[in-house]
1. If you work out P(r) over Cα pairs in 10 Å bins from 0, in percent from the coordinates, which of (1) 5, 24, 35, 27, 10, 1; (2) 5, 21, 29, 26, 15, 4, 0, 0; (3) 4, 15, 16, 14, 12, 13, 13, 9, 3, 0, 0 do you get?
2. Which net charge results when you count Lys and Arg as +1 and Asp and Glu as -1 among the other residues whose beta-carbon is under 10 Å from that of Glu129?
3. Could you work out what % of the accessible surface of segment 146-207 is carbon and sulfur, using a 1.4 angstrom probe and leaving DNA, RNA and ligands out of the count?
4. What ranking, highest mean first, results for peptides 299-312, 278-291 when packing means the other Cβ atoms within 10 Å averaged over each residue?
5. Quick one: accessible area per residue over segment 139-227, 1.4 Å probe, rounded to a whole number of Å²?
6. Given the chain, what count of lysine pairs have C-alpha atoms under 26 Å apart, with each pair 8 or more places apart or on different chains?
7. What is the projected area of the convex hull of the Cα atoms of segment 163-292, averaged over all directions, in nm²?
8. Tell me the relative contact order for segment 263-313 as a rounded percent, counting alpha carbon contacts under 8 Å between residues six or more apart.
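The values are calculated or read from the model by the stated rules, or taken from the named source; none is laboratory data. These numbers were taken from a predicted model, which means no experiment stands behind them. Glycine gets a Cβ as well: all are built from the backbone with ideal geometry, and neighbour counts include every protein chain shown. With ligands, DNA and RNA removed, areas are computed over all heavy atoms of the protein, side chains included. Shrake-Rupley method; radii C 1.70, N 1.55, O 1.52, S 1.80 Å.
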Amino acid sequence: MHRISRRAFAVAALSAFTLAPRAASAAPAHRPHAGGAPRAVPEMRGMWLATVAGRDWPSRPGLRAAEQRAELTALLDAAVEHRLNTVFLQVRPTADALWPSPYEPWSEFLSGSQGRDPGWDPLGTAVTEAHARGLELHAWCNPYRVATHDEPARLIPAHPARKHPEWVVPYGGKLYYDPGQPEVRAFVQDAMVDAVERYEVDGLHFDDYFYPYPVAGQSFADAGTFAAHGKDHATKTDWRRANVDLLVRETAERVRSVRPTARFGVSPFGVWRNAADDARGSDTRAGVRTYDDLYADTRKWVREGWLDYVVPQLYWSIGQDGADYAKLLAWWADVAEGSRTELFVGEALYKAGDRAQPAPWQDAGELSRHLELAREHPQVRGHVFFSAREVAEDRIGALARVAADHYGEAARGAGR
């Protein structure tokens with residue numbers, strides 16, 4: 001199966017930059033222990049493990065349960081080998097589930113057919129196996145993406161999107177739930193929080209997709225929803241941001257209610273707004289901004305303390321024109337200053353050694369320099385690497401360099 005990254009749209013955003021020619025400090029993260037209260041541990045050393053279209057795992061759909069389990073545990077072993085302490089496992093990639101959910105069907109990325117039982121419980125196994133290795137396991141969900149195609153008839157008849165076609169908006173060749181419908185917001189929360197209720201996960205994690213990344217020449221068809229539910233907002237853009245605010249705030253409250261020891265966090269695209277558009281924004285020239293284009297006011301979520309942690313995707317090199325890692329790092333550190341929200345930094349391990357990337361990414365020391373720079377900002381409490389396949393391969397030894405330079409001791413993050 002063709003592999004795609006959750007960063008597919010983020011890569012497109014890079015080309016939209018208006019340029020000339022998808023654990024640094026020692027400040028602690030927190031995790032629960034048997035008594036139920038959080039305790040201090042070393043910095044975040046994480047990796048994302050993507051399952052959409054088999055990006056990282058499984059290597060192909062339809063493997064036997066034992067083969068899928070072996071591949072999964074091998075990736076957990078790779079995290080331990082590189083002295084990481086946390087795995088963000090994508091368990092709800094497209095309005096489906098990698099556990100026996102009462103709300104949504106089994107993911108087709110497991111068996112090859114949506115709704116088919118793979119013969120085992122990947123999330124339950126992942127939690128058990130991660131904890132046995134001293135790793136935290138966070139359940140990573142995509143809130144609103146229904147399918148990576150735009151044909152409702154390809155969904156199984158029992159799929160909620162088939163039962164409620166009024167919830168669904170086709171856009172950019174994909175299907176999405178409409179974030180402006182209160183019934184949708186309640187349903188996706190139920191579906192995601194079910195994982196937190198059922199399993200001893202260490203957190204619930206959202207990625208960067210809220211309203212979809214913009215597609216040139218297309219409009220997200222929610223005029224009817226705005227007419228029905230947007231009367232208290234002056235503009236559709238304000239209403240859309242309010243919808244996403246509600247999702248984030250309500251989900252945070254529900255996670256804390258059902259599992260107080262679990263954390264809730266988001267990994268947004270790295271640019272909130274450009275300073276040219278807003279004096280509070282970053283010194284960047286981004287063609288995509290979370291505030292303006294995804295209707296995700298990520299700065300507000302941090303400043304209001306709705307999130308336990310935030311992991312901005314700073315997938316650029318130090319000194320890159322228009323999107324300098326160093327400038328964005330400083331901007332996010334300033335946003336996190338004085339907030340209860342912990343700041344971890346999303347790192348583009350997938351670019352290291354990729355011949356399609358510019359010169360800085362051919363240098364095995366680029367990511368290590370990111371962590372060295374982050375040491376100058378005490379608000380930065382760790383790093384998360386995209387993604388598990390690259391952790392295991394470590395194409396040019398960039399992660400080994402990070403571990404040698406910064407992770408002198410084996411990770412102790414899960415405290416088990």
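1. This structure yields the entry labelled (1).
2. After counting each charged neighbour, the total is +1.
3. 48 percent
4. 299-312, 278-291
5. Here the per-residue accessible area is 35 Å².
6. 7
7. With every direction weighted equally, the projected area is 9.8 nm².
8. 48 percent
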